[in-house]
Amino acid sequence: MQQSKDLSAQQEMLNTETLKLFFEKGGMNDVQARYIYQTCLYATVDDNPVLTPLQPRVKNMDNPLWTKAMCFCIAYLRRYKMNNTIRAIKCECDNLPKSTGFGKVSELEMFWRSLLKSSVHLGDKTFDECVIEYKEAMDELQRQQANKSQKLEDPQLDD
């Protein structure tokens with residue numbers, strides 16, 4: 001009888017530690033991502049009217065800002081191996097970029113830090129100030145991209 005109590009206590013401790021590790025290691029996040037992926041999959045292939053509200057309605061995909069945001073998100077998800085989330089996005093948006101423009105982890109981290117930095121300061125600005133700053137940043141980004149394109153088209157030769 002004592003032995004079964006000891007085994008029961010050991011099993012309870014094992015269950016508790018397993019559950020603790022499951023949450024610490026992101027097990028719940030994985031379960032949730034799988035659930036969302038399966039829901040997306042069923043919603044996109046099933047004609048059941050109950051699932052109609054879950055049909056994807058992705059818009060503005062030709063916008064360069066949308067593309068930049070999507071590339072960042074995909075690069076981030078790939079970096080951290082969030083494959084179920086990527087699969088769910090593919091269900092909703094079949095033309096994901098193959099190349100994100102974030103070839104190095106440092107590029108991804110720099111972009112992330114710039115997003116965090118700008119979001120911290122957003123609360124201190126009016127909407128109009130944010131719009132002006134955003135436009136200036138996008139103009140600068142376009143200038144940088146134009147310079148990159150020009151350098152690729154017109155490489156200078158060394159003497």
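The values are calculated or read from the model by the stated rules, or taken from the named source; none is laboratory data. This one's a predicted model, so the numbers in the text were calculated from it and none came from an experiment. We place every Cβ from the backbone using ideal geometry, glycine too, and count neighbours over all the protein chains shown.
Evaluate the range 48-70: report whether one residue or more is touching a Gly at 6+ places or on another chain (Cβ under 9 Å) and closer than 27 Å to L108 by Cα.
Yes.
Evaluation of F102 against the conditions (1) outside any loop (DSSP other than H, G, I, E, B); (2) under 16 Å from L141 (Cβ atoms) shows that the sole unmet condition is (1).
So E17 fits all but one of (1) exposed (fewer than 13 other Cβ atoms within 10 Å of the Cβ); (2) modelled with pLDDT of 90 or more; (3) closer than 30 Å to Q145 by Cβ; (4) among the charged types (D, E, K, R); what number is the exception? Only one criterion is unmet by E17, namely (3). Residue pairs whose Cβ atoms lie under 9 Å apart, sitting 6 or more positions apart in sequence or on different chains, and linking a residue in the range 10-25 that is closer than 23 Å to Y80 by Cα and in contact (Cβ under 8 Å) with a residue 24 or more places away in the chain to a partner that is among the polar types (S, T, N, Q) and surrounded by 10 or more Cβ atoms within 10 Å (Cβ to Cβ), do not occur here. Mind listing whichever residues of the range 44-67 are touching a residue at least 24 places away in the same chain (Cβ under 8 Å) and either part of a helix (DSSP H, G or I) or within 24 Å of L115 (Cβ to Cβ) (or both)? Selection gives T44, V58, M61, L65, T67.
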